[in-house]
Every structure is written in structure tokens, then in C-alpha cells.
1. Within segment B:62-94, name every residue whose backbone N is under 16 Å away from a label modeled 7 Å from Cα of B:Ala156 along the Cβ vector.
2. Before rounding to the nearest 500, sum -39500 (n - 2.57) across all DSSP H runs of length at least 4 in chain B and divide by the residue total; then give [θ] at 222 nm in deg cm²/dmol.
3. At R0 = 60 Å, how high is the FRET efficiency between B:Gln252 and B:Glu289 if r is their beta carbon distance? Nearest 0.05 is fine.
4. If R0 is 51 Å, what FRET efficiency do you get for A:Ile18 and B:Ala300 from their C-beta distance, rounded to 0.05?
5. Percent antiparallel among DSSP beta bridges with both residues in the protein assembly as shown, to the nearest 5?
6. Work out the length of the dipole vector of the protein assembly as shown about its Cα centre, built from +1 on the beta-carbon of each Lys and Arg and -1 on the beta-carbon of each Asp and Glu, and round it to the nearest 20 debye.
7. Accessible area per residue for chain A in Å², computed with a 1.4 Å probe and the full protein assembly in place, what is it?
8. Compute the angle between helix B:99-115 and the longest alpha-carbon principal axis of chain B, please, reported from 0 to 90 degrees and rounded to the nearest 10.
Amino acid sequence: MNNSVLPTQSDTSVDRSIPRLQLRKINKSFGGVQALKNVDFEVYAGEVVGLVGDNGAGKSTLVKTMSGAYVPDSGEILIDGSPVTISSPQDATRLGIETVYQDLALCDNLDVVANLWLGREAYRWVIPGVLKALDETEMERRTIEVLRTLDVKIPSVRRPVAALSGGQRQCIAVAKTILRQPKVVLLDEPTAALGVAQTRQVLNLIMRLKQQGLAVVVISHNLHDVFEVCDRTIVMRLGQRSATFDIKNSTSEQVVAAITGAEYRDAPVSSSEMI
Amino acid sequence: MKTNTREDDRSAVNAEMSDPKSNPTRSSFNLRSLMRGDLGFIPVIVTLALITLYFQLTTGGVFLQARNLTNLTQQIVVISILSTAAVLVLLLGEIDLSLAAVAQACAAVMATVSVYQNWGAVPSILAALVVGALIGLVNGFFIAILRVPSFIVTLAGSIGYAGFLLLVLGRQTTLIVRDPAIRALAPTYLSPIIGWGLPIVVAALYAIGVWYERQRRVKAGLPVKRSTTLIAQIAGIFAGIFLIVFLFQTYQGVPQAVMISLGIVLAFWLILRKTPFGRHLYAVGGNEEAARRAGINVIAMKMAVFTLASTLAAVAGIMLTSRSTAVATQISATLLLNAIAAAVIGGVSLFGGRGSVWAVILGALVIGSLDNGLDLLNQDQSIKNIVQGAVLVLAVTADALVRRANPVRGK
């Protein structure tokens, strides 16, 4: 395992030439229902993309396609411009796509260090080839390092996760994926059911991920959050990508209109048309 | 990289690193971490102290005599080993109701091959262990792969294995074991050299390990306990060992069976706390889905735990047979419940993921002390049952109350 905690991208500005992760003409049906119709999607390194839409608009299906939970009926997936096949969550992980689901998947009874390293514990051989012991010192040191890099504040890394607040738990779940040095992080409703201060904490963390040069996709119902951290917003409606907004040049009214399908004037420049 | 100092810049990760005296939250943190760790055992230790005090007073000082304590610890050997098996399964969030039946059935296998096939002690014991492991694999197959609730599988199993016991023993109701080596397992006392030497060597190794780990933490810049605290802790462990071994030596020495059961508990404590396997076991018990997503093979973990539990049950059966020198077709009705009760009294959660294997020692001591003390007072079985039931409920209630008052420990 390599010693640096995070992938070191020297250039943290958004590289617009090749998307880190790109989906082209994705179709997915469940029985007679077509959940995704010719959907294009792209996210660049160092960029935060908000994925918004009403319930049943296809957000979750699209994200599950990226995370390997669903296999699309047709369409192409490219990472850094080269086509890849994602047929299982393991494939996605191997390709550097990490997903943080709403249920977070933390073990409440274990402490922060144990949760962060679960399944990939650092160990030392006590009897070479026979008996290995956990290397708690190394894991604790690197946990503190990661949490400091991500500016996550928790009372103690030796505290069970059950004792942490919702925002802290969310941050731990994100930090856990960061240890695997991913290229793309997918966050499913990261601020749902969080208080004001805790939401703040998570949004800060998302900005940190962006600064680290990761491509971040945030599914959210909360437009306020989307406007706070996202560079672009992609709106899904009835299984199609209905609009794309550059956050700097758009208002939440426009986004709401696109979500609900209401008419709106001054249609913004859709960046999907620029590709 | 720029550090975000916009708001609340008291990064707790930093605070933890800073000088303890400069941080006002330090003392409360220490208290809470104590409650989580060592003080989690306080209710059961208090219970044990009260029981000891009561019997010491009512039996006129007989209870704490070296002779009686030697008896008491030998009486709880089987419960301790069986309870260790129960802890493994409970930590997984499952239950094994077949442990007592498995113990007896495996003991019957050992006795049969020893008596009728004239196998030596070692092959006979190995046969029992192999049968135990196979039974565990069967349990694990139904529970982990076919996903039948462990309660049902092991309940059905306990009936089936009791039948297997009858089958193995044939028409006899008891089979007396003649093999001197098997008979000597439980009642032997260790020579003073081993009785003193083994615990001291183990404690010394532990002390070296703790000290080495501390040096590594210092090197890595992590917070460490004060060296005086650490020395006091290690001194406490040594003092405890000296006291206990001294007590045993004033009678006949350290019983071999007690050393074996302590060794088993110590080994499983190390496995659970210090190895990836143990960490994964706690993880599966805490959140199976999270463990699966972290890449842990949950099915293999469950198979392994049920196999280990049944093998340990076989060990308990062997010790039971050695102590009574015979295997009976009758399975003790209280053995299984006492084993699970010992784990629960010691604070192991029935819902998985919480508790330490040391719970076994404390829980078994509580149950054993009641049994032993009430015997000394010539109480009837009826009274013994009522008192044991009451103490079990009290211990579990106290544990539940402590847990509720201390949300840090979670569910």
C-alpha cells in the first residue's frame, strides 16, 4: 500500500478536455418501464456535479449504473476517455468509482479507525505466514492524517461511530472511500436528515474533495446545498437528462422549473450541447 | 494545502494531540472512555463482590478459603469454555443452542473410541474435536449458506445431536472412561514451577508488548497513556497473578483445568482484539451489510465461527468427561443456559458486536459462586434455581440500565 493518503493531483483546476467519468446514450429498462432514455452524463476531475430531479426521475438508476449496481441495457461508459465495462460494484471500485449510500454502511459498534480500515486493515506478521496482528498504530496515524486533510472534526478516532453525530458519520463514510484513492466519488443524499451545522460540515468536506482533484457527483433534493457546492447541475426528468446548468449563471427558480417541467424563459446554455 | 480555519477551529483531532492539561474536555473524555472499557465490567464486579461478601459472612469464612476457591474455579471450567463458544456466536449476532448437546456428543465419541476401540488419549481427543468441528460446519452450512435462523438450526441441532449421543453410547446410560491420560486432564494440579512460571511469563510478554506498542505510538506522534499509568496497570496485573497463584499454592497448586480454560479465554481475547479475523467478526455482528460491502466474506466468517464454537464445545465436553470420569446420556439441563447466561452477565450483547471474551470469566464466577456458596449453606436445589434466576435478571437489568445511561456504548 502506498504511503500517501490521498492521490496527489498537482493541477487541481478543472480539466475540461476529457471527462473523468462519462456515460453516453445510456438506456435501462425494468420490465416495461424505461427508467433511463439515452442519458448522457459527464463529470470532470476537480468538479462537483449536482444530480437533481423529482422522485422517479431516474437519478438513482443513473447513479447505480455508475456504481455497478445496475448494468445498462445499452450505452457506453468511459473513464478518462477510454471505454470500460462496469458489471458489478467490484468493477466500479476497481476502476476508482466509490459510492457513499444514504445508509452509510458503518459499524456502530466499532470505532472510527476500525470503520475506516474495515476490510483493508493494516497488519503485521507476528509469525510470518501464519499469524497476523492488526497494526493499530499505523491505522490510527493514517486515520488522523486523512481526517486532518479532509478537515473533519471528531472528538476522538477511538470513539465508536454510534457516539458521533449524523454529520460526523457522513464524513467518516466519505473518508472511508477516500482511503481507497478513488477518481470519482458518488454521494447519495449526503445532507438528508442533517442539522444546519452538520450540513455545513458535510458541504465543507465536499469542497475538500473537489480541492483534492476528485470528480464528485452529489445526488440531492436540497437545491440550497446544490447551489452551495456544485459547479454544474444536471437535471433528470422522466428518465431523461432534461437540462444542465452552470451554477454561476443560473437561479434556483430555473432549476426548479426544469425539475418540475414548468416553462421557463431565458433557457440557460446547456453544457451538454457544447460537448 | 490550505487549512480551513473559518469556524470552530478547535479541531478535535488536534485537541487530542495537544497537551492533556491544556484541554478541559480531556478529563471527561477519559471518564467516558473508562466507562466504555474497563468500567463496563463494574456492575458485574460489584455483583461478584457482594455475592462473595455475603457468602464469606454466612459460611463463617469457609467461602474464601483456598480449598473452596480451588473447588469453585474447577467447577466453572466447563461453563467457562462453553461460554467462550457462546460469546463467539453472540458477537456475530447469532445464537447456538446446541452447544451443550455437542459437548456431550463429542465427549461420547471420545469415550467410545477410547473404551471400545482402545484408541490412545490423543487420537480419542482429536476424534472428539474433529466431530465437533464437523458438527459446527453442518450448523454453519444451514445458517450461513441456506440462511436458516441460527435459533432454529441449533435448536433442531440440539435435539439431533442428543439423539446422536444416544446412538453412540448404545444401550448404556453412562460410559466410564478408563484412559488415565483423559482422566488426568481435569483433576491434575500443576507443579509450582509451571503454576508460577507460566502466568508470569505470559504477563511479562504482555507487558513487553504493551510497552513496545507505546514506543511505536510515541514515534508515530499519537497520544499515549502516561508511563506511570501504564506501569501501575502492569503492576496491577502482576499483583493479581501473584495473589491468585499464591492462593492456589496454599492448597494443592494451580489446577491444570483452570489454566487450560484461562488459556483458551486469553487466546480468544487476543484473536478477537488483535487480528483482522476478530475485527471482522465484530464488524459482521455490528452491521452485516457494512461488513459485506467492505469486502468481508460474511458467509465464510459465519461458517468459521460456528465451527470454532462447536470445536470449543467439544473441548468443554472433554473437560466435563475428565472431571466426572464418565459420559452420560443425560445432558445437563442447566449447562447450556449457564454458558449463555455467563456471557450475558459479563456484558456480551445478545444482539451482536458488543462485549469482551473476558465476560466469560466474570459471568462464570458469578454463576459458580452462587452455586458453590448455596451448596456450602446446604440450600436445596429449588432455592439455588430461584436465586440464580434472580441474579441473572438483576445482572442483565443493571447492564441494560448502564447502557441506557451511557449512550456512547450505543444500542
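1. Zone members listed by number: none at all.
2. -23500 deg cm²/dmol
3. Step by step, r from the Cβ atoms, then E = 0.70.
4. 0.80
5. Expressed as a percentage, antiparallel bridges in the protein assembly as shown total about 60.
6. Computed charge dipole of the protein assembly as shown: roughly 1140 debye.
7. Normalised by residue count, the accessible surface of chain A is 41 Å².
8. Once rounded, the angle reads 50 degrees.
The values are calculated or read from the model by the stated rules, or taken from the named source; none is laboratory data. Keep in mind the model is a prediction, meaning the values are calculated, not measured. Ideal geometry is used to build each Cβ from the backbone, glycine not excepted, and the neighbour counts take in all protein chains shown. Accessible surface is based on the protein model in full, side chains and every heavy atom, while ligands, DNA and RNA are left aside. Shrake-Rupley method; radii C 1.70, N 1.55, O 1.52, S 1.80 Å.
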